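Let me begin by presenting the structure, written as structure tokens, before commenting on it.
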Amino acid sequence: MISLPVVLISVVLFFVLFFGIGFLLNMLLRMSWIMALIYPIVCAFIINDQKLIDFVRTPLESFPNLIVKFGSLAAADVLILTSGLIGAVMSGIAIKSLRKRGYQMF
């Protein structure tokens, strides 16, 4: 069981972390939603303990195992990962609004 202060700090940390990474990627690659598209893959790497090559070699075993892992997450883990997704989406919104207002990043 994770304590409440750890969950709160983790939520803020994941939001800020993925907002920052998403903002930088959006700015450099000029694609407003790149981090929101990459985020599910990042979540799969965080949750799963299998190697990437296993998804290519044995996909019929690897993908069901990943789905089972997603299903067995605790509520605190889902909240933390959701805050990271919100941070990634907010970075896309921030870049879009800055570009709309005339700011050009790289």
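The values are calculated or read from the model by the stated rules, or taken from the named source; none is laboratory data. The structure presented is a predicted model; accordingly, all values stated were derived computationally and were not measured. Every residue, glycine as well, gets a Cβ built from its backbone with ideal geometry; the counts of neighbours run over all protein chains shown.
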(request) Being within 19 Å of Val16 (Cβ to Cβ) and of a type in the set (Ser, Thr, Tyr) is the filter here, so list the residues in segment 34-89 that pass it. (result) Tyr39, Thr82, Ser83
(request) With the condition kept exactly as written, say whether any residue in segment 49-61 is touching a helix residue (DSSP H, G or I) at 6+ places or on another chain (Cβ under 7 Å), of a type in the set (S, T, N, Q) and assigned to a helix (DSSP H, G or I). (result) no
(request) Return only the number of the condition from (1) closer than 24 Å to Lys100 by Cα; (2) in contact with a Phe, Trp or Tyr (Cβ under 7 Å, 6 or more places away or on another chain) that Ser62 does not satisfy. (result) (1)
(request) Out of Phe70, Phe55, report the one residue that is at pLDDT below 90 and farther than 30 Å from Tyr103 by Cβ. (result) Phe55
(message) I'd like to verify a number: residues in segment 28-37 that are surrounded by fewer than 16 Cβ atoms within 10 Å (Cβ to Cβ) and in a helix (DSSP H, G or I), how many?
(response) 3
(message) Suppose we keep only residues that are touching a residue at least 60 places away in the same chain (Cβ under 8 Å) and surrounded by fewer than 17 Cβ atoms within 10 Å (Cβ to Cβ) within segment 9-26. Which one would you say is nearest to Asp77 (Cα to Cα)?
(response) Val12
(request) Could you figure out which of (1) touching a residue at least 40 places away in the same chain (Cβ under 8 Å); (2) surrounded by 15 or more Cβ atoms within 10 Å (Cβ to Cβ) isn't true of Gln50? (result) (1)
(request) Go over the candidates Phe45, Phe19 one by one and state the one that is among the aromatic types (Phe, Trp, Tyr), part of a helix (DSSP H, G or I) and at pLDDT 95 or above. (result) Phe19
(request) Just name the residue that is surrounded by the fewest Cβ atoms within 10 Å (Cβ to Cβ) out of those in segment 66-106 that are in contact (Cβ under 8 Å) with a residue 40 or more places away in the chain and not in a helix (DSSP H, G or I). (result) Phe106
(request) State which residue pairs qualify: first residue closer than 15 Å to Phe63 by Cα and inside segment 32-46, second residue surrounded by 11 or more Cβ atoms within 10 Å (Cβ to Cβ) in any location, beta carbons under 7 Å apart, and separation of 6 or more residues or different chains. (result) Cys43/Leu81; Ala44/Leu66
